Structures are given as structure tokens and as C-alpha cells.
Amino acid sequence: MRKTNHAFRGFIFGLSLSLTGLALAAPRPPRQAPANQNPGLALTPPMGWNSWNHYAGRVNQRVARQTADAMVASGMAKAGYIYLNLDATWMARQRDAQGRLQANPRRFSQGIPALAAYVHKLGLKFGVYEDAGLRTCAGYPGSFGHYRTDAATFAAWGVDYLKFDWCNVPLRMTPPMSWHLGLNGKRPGQIALQLYRRMGAALLATHRPIVFSLCEWGLYRVWHWGQTAGNLWRTTGDIRDTWASMTRNGFSQNRLAAYSGPGHWNDPDMLEIGNGGMSNTEYRTQMSLWSMLAAPLLAGNDVSKMTPATRAILENRAVIAVDQDALGVQGHRIWRAGRAPNDREIWSKPLTGGAVAVGLFNRGPKAASMTVRWWQLGLGGKKAPVCYTNLWTHQSAAGNAHGFSGTVPSHGVIMLRAWNGANCH
Ligand code: GLA
């Protein structure tokens, strides 16, 4: 299975379903729906690594172990990237005689529990991928009809994170199966809500804290109900390692800011930083934008062979601190200019203690001078001096009375942390 074909198919499939989705009434969460989550889990956006963007169907136990080692050795783990998540194709083509999932015998010959133990020993956490439907997107056994068994298997293996995909879900069930499953007459969006909640409940019932990541690509307005099922949800189709794909996913999140918060996050898909399809300027834009969005930071590169530039981008502590800020508020756009897609955008994100993160993004083809006024960030005023730190150059300064101006390279960003105060260091 080639990733490009797969991604393209996924895009067309996603597009057609999103168009269908527009016509359908979106399921609304019942009032006071119980949060189907482990309290205290994912209070800040999950950080880690996932195998898909770089390895796609080629992941194996050597890659996983080598990545775990590299996460520790490179400082990624110290910077906060703690989940090592296997994506698709880790499993065998068949369940075992008891109906349990099993690892692909060729590529994970030592089995998943041994790998989880290896990862845990390094102080990291371990995640896997499954699918809500009959088969995963790559044709491996799906979880449909096995939610409780699979949740129990994952818990027994020491899994800490589950990404649950949406391929091959039988949306047109007929009786008696639909009766049996309590899904008779339900629309696709309602089926999504029901199935994700069921898996969320099955994971909770194991009593192991397992972060639950919903992956229905934003088809059924998952942001309205996702937090009644799990901890994060994809809001877009699959990201690719291109400027167009990354900016489409990232900049489209503005209207979703209200749905995100501690324990429940919008997920515009994983990082492509270091995979080679974009420039370092563009990768700095992804890192900054994802952090402004309080998005999960799941690196998707070969961590064992990072250039110093890739490492500096992924491990920028000041930018990570914006993503991980305890307030857990997703940033939003406060200004834009130019024809769609906007050439220039300014986003702000409130931080704990009254500070504000701000991103000045230049999506256009030429360098541009951009200005943000302190009042746009709720800072400053007559007697309040403003300080700021540039989160990529690490320079701190006292702001002038009005605001900040800088030249932003094409496809680049200036990201600041600004606060009211006289002590700027
Ligand atoms: C779907 C998901 C991707 C990835 C692939 C694996 O397309 O959206 O993130 O997990 O499946 O097959």
C-alpha cells in the first residue's frame, strides 16, 4: 500500500463524505452528556510521535525501538514528546483463536507487550491504532463487534493511547444487525457518536488511563460531541507534507476554537516537520500554528536522523510552552488581510497569568511587514508597559507604546509571548 494512493483515496472519500455530511443534520450532544473520559488525562494536548507520516505501512519493531531510543537521546522526550504511537499496519491479518488482535508476526515478532514494556522502561508511553469499522483503512481486522475485547487487550498490553479510525464502518446496517446493535434507523453521524462513545466506555471500563483519539476526519461535526467519547478528535482529512495541505488543515481551525479545552482537543492532524517536503521556514510555521491552536504535537519524522534544524524546531521549549499552557485555550484569528487564502493572518492565544501568545503569519509569496497593536491582544493601555519575547529568536524587549512590527518572510511566522509589565526579562 503506497501512502500517496492511500492519502489520495482518503481525501476523495473524505471530501465526498464531508459534502454528504453538510446535508445531514449534525448530531447534537444530549444536554449534560457525561464526559466519557478518564479525569486528569490529556489536560494539555498530547505530545509524542506517530509512525504514519514517515513510515506509513513500513513500521516494524526495529523502527519502533530505534525511535523510542532516539526520542530519549535527542531530547524529544525531555521536551515533552512522550507518546510513541504505532499507526496502521502493526497487526496481523487475522485475529487469534480467541478473537483477540495480534501483532503482525513478521514485523513485530516479539509481540506488542514486549514493545510496550521496552517503551515504558525508557519513561515513554505507548500507543496503537485501530479502526471503528470492520477493517482498518489498510484492510487489517477492524474493531467492529469487538470493542470490549479489544479495549481489554490494549489495557492488558500496556497501551496508553488509542487512535481509532473510521474506515469500513457499516453505515447502512439493516435489521437484525442494526436492532442488535441499537443502531436501527440511525444516521451516519449518530452512528459515529454511538460507536466512538462505546469504545470510549470500553476503554474506561478497563480502568487503565488510555488517551482516546477519535479519527473520523471531522465528518460529522465531531467537535460538538467528541468530548463525550474521548480526549481528542481529528477535524480534517489527512495531512500531507506540503505547504498547501499543512496550511489548509491548520488555518481552517479558527471556527472550532470554542470546542477545545483541557481533556478534549481539536486535532488538525500530525506534524510533518523534518519529513523534507517543506522548508524549515514552513516547518516553523507548522510548529507555531499548531501551538497557537493547542493542537496535539505528534511528530511524524525519522527521529533517529534529525538535522539540527529539525530538532531545534520540534524542541523549541518556548513554543511548546504555548501549546502546553495550562489554561488550554485554543488560539483564534484576530486579523487577516489579502485575498483568500489570506496572505497575512494574526492569531492570538491567551496564556495563564495574563500573558498572550501571538503569531504573525505570512502565507503570501513575498516578505511582508506586519504589525500587531497591543490593544488587539487586550494588553497595554495608558499606564501599562508591554514586554514581549520573540519565541524563535529568544530576544526579549520592552514593547513600544503601540504594538509590535516586524518583517515576516514568505510562508514564515513571527511568534511572540507578550505581557503587561515593566520587567521584561
Ligand atoms: C487514515 C488516518 C491516517 C492514518 C491512516 C492509516 O487515513 O486518517 O491518519 O492513520 O488512516 O491507514
Failed item in (1) β-branched (Val, Ile, Thr); (2) open to solvent by 10 Å² or more (accessible area, probe 1.4 Å); (3) under 25 Å from residue 270 (Cα atoms), with residue 206 passing the rest: (3)
I'm trying to understand the selection: among the residues of the range 170-184, which are open to solvent by 20 Å² or more (accessible area, probe 1.4 Å) and among the aliphatic types (A, V, I, L, M)? 171, 173, 177, 181
Would you mind telling me which numbered condition in (1) closer than 29 Å to residue 173 by Cβ; (2) of a type outside the set (Phe, Trp, Tyr); (3) assigned to a loop (DSSP other than H, G, I, E, B) residue 123 fails? (1)
Specify the residue that is nearest to residue 276 (Cα to Cα); the eligible residues are those in the range 213-251 that are among the basic types (Lys, Arg) and within 15 Å of the ligand (Cβ to nearest atom). 240
In the range 44-55, residue nearest to the ligand (Cβ to nearest atom) [restricted to those that are in a loop (DSSP other than H, G, I, E, B) and either among the hydroxyl-bearing types (Ser, Thr, Tyr) or open to solvent by 20 Å² or more (accessible area, probe 1.4 Å) (or both)]: 51
Does the range 146-158 contain any residue that is over 16 Å from residue 88 (Cα atoms), open to solvent by less than 10 Å² (accessible area, probe 1.4 Å) and within 16 Å of the ligand (Cβ to nearest atom)? no
So how many residues does the range 253-272 have that are touching a residue at least 40 places away in the same chain (Cβ under 8 Å) and within 16 Å of the ligand (Cβ to nearest atom)? 6
Identify, by number, the condition in (1) within 16 Å of the ligand (Cβ to nearest atom); (2) more than 22 Å from residue 231 (Cα to Cα); (3) buried (at least 19 other Cβ atoms within 10 Å of the Cβ); (4) small (Gly, Ala, Ser) that residue 139 doesn't meet. (3)
Among the residues of the range 56-75, is any within 16 Å of the ligand (Cβ to nearest atom), open to solvent by 20 Å² or more (accessible area, probe 1.4 Å) and charged (D, E, K, R)? yes
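The values are calculated or read from the model by the stated rules, or taken from the named source; none is laboratory data. Computed from a prediction, not measured in an experiment: that's the story for all the values here. With ideal geometry, Cβ positions are generated from the backbone for all residues, glycine too; neighbour counts draw on all protein chains shown. SASA here: full protein model, heavy atoms, side chains in, ligands and nucleic acids out. Shrake-Rupley method; radii C 1.70, N 1.55, O 1.52, S 1.80 Å.
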